[in-house]
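For reference, the structure is listed below as structure tokens.
The values are calculated or read from the model by the stated rules, or taken from the named source; none is laboratory data. The structure presented is a predicted model; accordingly, all values stated were derived computationally and were not measured. With ideal geometry, Cβ positions are generated from the backbone for all residues, glycine too; neighbour counts draw on all protein chains shown. Heads up: the accessible areas ignore ligands, DNA and RNA and are worked out on the full protein's heavy atoms, side chains in. Shrake-Rupley method; radii C 1.70, N 1.55, O 1.52, S 1.80 Å.
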Amino acid sequence: MVIKMPCTVIAGAFWGDEGKGKIISYLALKDKLDVCIRTGSVNAAHTVWLEGKRYALHMVPAAFVYEKCRLLIGAGANVHVAKFLEEVEATNVKKRIGIDKQASIIEEKHSIQDKTSAHLKELGTTGWGIGPAIEERVRRTAKLAKDVPELQPYLVEVSTEVNKAIDTGKKVVLEGTQGLMLSLFHGTYPYVTGRDTSASAICSEVGVGPTKVDNVLIVFKAFITRVGAGPLPGELTREEAVKRGWFETAAGTGRDRRSAPFNFELAKKAVIVNGATQAALTKLDVLYPECKGARKYNELSKEAKQFISKIEKQTGIPVVLIGTGPEALDIIDKRE
Ligand code: IMP
Ligand code: MG
């Protein structure tokens, strides 16, 4: 089975941290992606492991690992200037990255407002200032990328560039951030982020119409994690999470991640609301250690295969990419 290119949206199913960074970095290398557009903002960290080196990317698209891929940040995104410049340097992508001139800017004042708001603190936000920055944009007083001298070399009109790429048959990935359960519209309100995180919203932030999308790839993790406050069905104690090897800390903020078993009902909802056509499943090796490093489906244990079949049966879509380790290439690719 082949993921129908040219245009694929990558969306998270749960509360973020499903491993979208890993999946996108794999697709970039394997499919030789032409263009990857990041959405959202600096609150989301996408982890990419390449040749033993770990990158936690807050701004640069995860497809940077393929050196011919054009990298863009959409008009709906909120750009943190210092973080952007720092990551452009660290990943050496200055010559191939662009920002939409109308992307808005997230500033230090927004972070201060975020951290000093009792309400936002109670929700357990990341403290980067997402809510306040979006409020300012909605008030139409936000600073835009085109207003910032350091960003001048990077400014483009992303929607124009991306639609042209799609129309000429280029391989394009729209990089969603976070997951459906953190969506302002569809998640566990008020314990959500400041934007819709669904596939439609990802398209909207980039400026790509729904008829241009061929494939929506939803990313599941083999167990669920969440940082910050709010409901988490089936939540384990920290001790139990440590015992099972599921305990994680956040790539962005270093906070403890709460954890729970995979939830088929939530997975179904995520597939429906995102209009997902295919799924990726990450960290299978954490649930089934005997599968670590497997790169062929037949190398998986019977239990692991049964788990995957159950996901496919319950959600009605095929699991085409299966993560079995942290490196970009630790993947079973069932599209072949
Ligand atoms: P905010 O997005 O910083 O306003 O935080 C709102 C909620 O979303 C909090 O529960 C955060 O922990 C969560 N959140 C925001 N971004 C991410 C992410 O990238 N991964 C996981 N949780 C996130
Ligand atoms: Mg993350």
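Could you check, for segment 217-236, whether at least one of its residues is away from ligand 2 (no atom under 16 Å from the Cβ), farther than 25 Å from residue 310 by Cβ and either modelled with pLDDT of 95 or more or part of a helix (DSSP H, G or I) (or both)?
Yes, the conditions are met somewhere in segment 217-236.
Could you tell me which residue of segment 159-186 is farthest from ligand 1 (Cβ to nearest atom), considering only residues that are closer than 17 Å to residue 276 by Cα and among the β-branched types (Val, Ile, Thr)?
Among those that are closer than 17 Å to residue 276 by Cα and among the β-branched types (Val, Ile, Thr), it is 172.
For segment 114-133, which residues satisfy the criterion of being within 6 Å of ligand 1 (Cβ to nearest atom) and either part of a loop (DSSP other than H, G, I, E, B) or open to solvent by 80 Å² or more (accessible area, probe 1.4 Å) (or both)?
124, 125, 126, 128
Does residue 208 fit the bill of being among the β-branched types (Val, Ile, Thr), outside any helix (DSSP H, G or I), more than 28 Å from residue 326 (Cα to Cα) and at pLDDT 95 or above?
yes
Can you name the residue in segment 153-163 that is open to solvent by 10 Å² or more (accessible area, probe 1.4 Å) and not aromatic (Phe, Trp, Tyr) and is also nearest to residue 69 (Cα to Cα) among such residues?
Applying the filter and picking the extreme gives 161.
Residues to consider are 308, 322; find the one that is part of a helix (DSSP H, G or I) and among the aliphatic types (A, V, I, L, M).
Only one candidate qualifies: 308.
So residue 150 clears everything in (1) open to solvent by 60 Å² or more (accessible area, probe 1.4 Å); (2) of a type outside the set (Ser, Thr, Tyr); (3) assigned to a loop (DSSP other than H, G, I, E, B) except one condition, right? Which one?
The number of the failed condition is (3).
Search segment 164-182 for residues being within 16 Å of ligand 2 (Cβ to nearest atom) and part of a strand (DSSP E or B), and hand back the single one that is most open to solvent (accessible area, probe 1.4 Å).
Across segment 164-182, the extreme among qualifying residues is 178.
What are the residues in segment 187-214 that are over 22 Å from residue 63 (Cβ atoms), within 10 Å of ligand 1 (Cβ to nearest atom) and either touching a Gly at 6+ places or on another chain (Cβ under 7 Å) or among the hydroxyl-bearing types (Ser, Thr, Tyr) (or both), if any?
Passing the criteria: 188, 191, 193, 194.
Please identify the pairs in which a residue from segment 264-278 that is aromatic (Phe, Trp, Tyr) has its Cβ atom under 9 Å from the Cβ atom of a residue that is open to solvent by 40 Å² or more (accessible area, probe 1.4 Å), counting only partners at least 6 apart or on another chain.
From segment 264-278, the pairs are 264/310; 264/314.
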